[in-house]
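The values are calculated or read from the model by the stated rules, or taken from the named source; none is laboratory data. Bear in mind the structure is a predicted one, so any value in this text is a computation, not a measurement. With ideal geometry, Cβ positions are generated from the backbone for all residues, glycine too; neighbour counts draw on all protein chains shown.
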Amino acid sequence: MSDSADATPEEIPDSDEEWRERLTEEEYEILRERGTEARFSGEHVDRKDDGVYRCAGCGTVIFESETKYDSGCGWPSFYAADEERVTLEDDTRHGMSRVEVKCATCDGHLGHVFQDGPEPTGERFCINSVALDFEPEE
């Protein structure tokens, strides 16, 4: 991770009310209620700039642009995440068996990870653009 990965995340809200004050309605739906944005609707789907992707809930750096690739799935895709900055949980909602990706700092829902990605990891982190803030490389 780059030096900006060591930035201290913002203070984490203690209550649902504080989360609602901090986040937009769409961010709240994705990050706190485990929602999903529409395919190909997010601002980061086609982004090719160098930089880092931070959790929109707390500012923790989750992904680096070097790991982003075009999977064609309609959401930003990455083949690797900082393992210390995400948690993975089984998700059986909607009659499917998936692995949910959450921010380890604020427990915000980011998206899902699948085992159909490119080398070197074979993973595809399929992430909602709304759950991420992009910080360009200086």
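Does Ser65 meet the test of being at negative phi and either at pLDDT below 95 or in contact with a Ser or Thr (Cβ under 8 Å, 6 or more places away or on another chain) (or both)? Here the answer is no, as Ser65 does not meet what is asked. If only residues of region 109-124 that are of a type outside the set (A, V, I, L, M) and under 8 Å from the mean Cα position of the chain (by Cα) are counted, the one that is farthest from Ser41 (Cα to Cα) is His109. The set of residues in region 52-71 that are buried (at least 17 other Cβ atoms within 10 Å of the Cβ), not basic (Lys, Arg) and not in a loop (DSSP other than H, G, I, E, B) comprises Val52, Tyr53, Cys55, Val61, Ile62, Phe63, Glu64, Ser65, Thr67. For region 16-44, the set of residues classified as buried (at least 17 other Cβ atoms within 10 Å of the Cβ) and touching a strand residue (DSSP E or B) at 6+ places or on another chain (Cβ under 9 Å) consists of Ile30, Leu31, Arg32, Gly42, His44, listed by residue number. Filtering region 96-138 to residues that are among the β-branched types (Val, Ile, Thr) and part of a loop (DSSP other than H, G, I, E, B) leaves Thr105, Thr121.
Would you pick out the residues in region 108-121 that are free of Cβ contacts under 8 Å to residues at least 24 places away in the same chain and either small (Gly, Ala, Ser) or in contact with a helix residue (DSSP H, G or I) (Cβ under 9 Å, 6 or more places away or on another chain) (or both)? Answer for region 108-121, where residues must be free of Cβ contacts under 8 Å to residues at least 24 places away in the same chain and either small (Gly, Ala, Ser) or in contact with a helix residue (DSSP H, G or I) (Cβ under 9 Å, 6 or more places away or on another chain) (or both): there is none. Is there a residue in region 72-95 that is part of a strand (DSSP E or B), of a type outside the set (A, V, I, L, M) and within 20 Å of Ile12 (Cβ to Cβ)? Yes, the conditions are met somewhere in region 72-95. Checking each residue in region 68-77 for being more than 11 Å from Lys48 (Cα to Cα) and in contact (Cβ under 8 Å) with a residue 40 or more places away in the chain picks out Ser71, Cys73, Trp75, Ser77. Just so you know, in region 105-132 the residues that are surrounded by fewer than 18 Cβ atoms within 10 Å (Cβ to Cβ) and either in contact with a strand residue (DSSP E or B) (Cβ under 6 Å, 6 or more places away or on another chain) or not β-branched (Val, Ile, Thr) (or both) include one that is farthest from Thr67 (Cα to Cα), and it is Asp107.
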